[in-house]
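The structure appears right after this line, and notes come after that.
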Amino acid sequence: MAPPAPASPSSTSGAPRATRGSGSGWRCAPTAWSPRPTGAAGIGCLLLAAGTACDRGTWTEAAVEAGEALSAAALVDGDAAWWPRWSGQTLPLVHWCNGSAGVGAFLIRLWQATGTPRYRDLAEMAAVAVHRSRLGQPASHCHGLAGHGELLLDLAAATGEHRYHVLAEDVAVALMLQSSVRDGRLVLPVNARGEVAAGYGVGMAGVLGFLLRLRDGGPRWWLEEPSAPAPRAATVAATVAANSERR
């Protein structure tokens with residue numbers, strides 16, 4: 001499946017412009033395109049943080065449109081939600097790089113910024129999906145348990161519900177079951193082959209980041225945490241939702 005062509009850049013302000021297709025076909029201009037829900041989630045997360053910090057309504061609106069596209073693309077089964085790699089696919093994915101852990105991390109932040117209940121609902125359903133899939137997953141942040149656990153800690157922080165911290169502890173137990181001692185040091189494999197690496201995305205640094213946050217609290221590494229609801233973003237959310245109903 002060929003990726004959609006990127007939209008042309010803005011000729012006036014230089015701000016990114018979003019075009020919204022169906023499902024996960026949302027993409028962001030000028031240079032980034034995103035046929036994958038997790039791509040839309042990452043770009044949307046940046047636009048939400050930048051729009052809030054710089055008071056740019058067009059950036060915030062683009063983030064909300066990403067949230068709307070991801071809401072439409074969700075694969076819901078009971079109280080759990082997954083996302084496919086491409087629009088129209090039905091293979092449920094659960095990781096930070098592809099699936100529930102990454103999409104949920106964006107949607108819970110979008111809920112914090114807009115107050116739109118649907119985003120929180122889907123983020124909580126993503127949390128159910130990552131918790132249920134904790135056994136047999138690799139340890140890494142990118143496509144494994146550390147990334148899953150970070151979503152659960154995000155929800156604990158955003159909602160104030162301690163049960164998400166308890167679920168994150170379950171993930172940590174599943175993670176530690178994979179540990180071993182090599183040359184007198186505790187290590188965790190980052191893939192099914194038992195390999196050990198030091199990096200953040202697919203190595204021990206990302207795993208330790210999750211475990212330290214689980215133990216000590218604090219914000220998530222590398223991601224902006226909205227400190228208060230943004231009234232302007234809530235207005236934008238209502239406008240985008242109304243426009244979507246008319247389409």
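What follows is calculated from the coordinates using simple rules that are stated; it is not laboratory data. As the structure is a prediction and not an experimental result, all values here were calculated from the model. Cβ coordinates were reconstructed from backbone atoms using ideal geometry, including for glycine residues, and neighbour counts include every protein chain displayed.
Each residue of the stretch 61-67 was assigned a 3J(HN,Hα) from its phi angle through the Karplus expression (A = 6.51, B = -1.76, C = 1.60, θ = phi - 60°), giving 4, 4, 5, 5, 5, 4, x Hz with x at Gly and Pro.
For the pair residue 221 and residue 135, label points projected 7 Å from Cα toward Cβ lie 2.9 nm apart. Rounded to the nearest 0.05, what FRET efficiency do residue 58 and residue 186 give with R0 = 51 Å and r taken as the Cβ-Cβ distance? Could you check? Taking R0 as 51 Å, the efficiency between residue 58 and residue 186 is 0.60. So what does the Cα-only Debye profile of the stretch 171-217 read at q = 0.16, 0.22, 0.31 Å⁻¹, as log10 I(q)/I(0), no solvent term? Taken in order of the listed q values, log10 I(q)/I(0) reads -0.42, -0.79, -1.29. Each pair of Cα atoms in the stretch 48-159 enters the Kirkwood radius, and Stokes-Einstein at 25 °C and 0.890 mPa s then converts it into a translational diffusion coefficient of 176 µm²/s. Separation of the stretch 52-125 and the stretch 139-185, taken as the distance between their Cα centroids, equals 21 angstrom.
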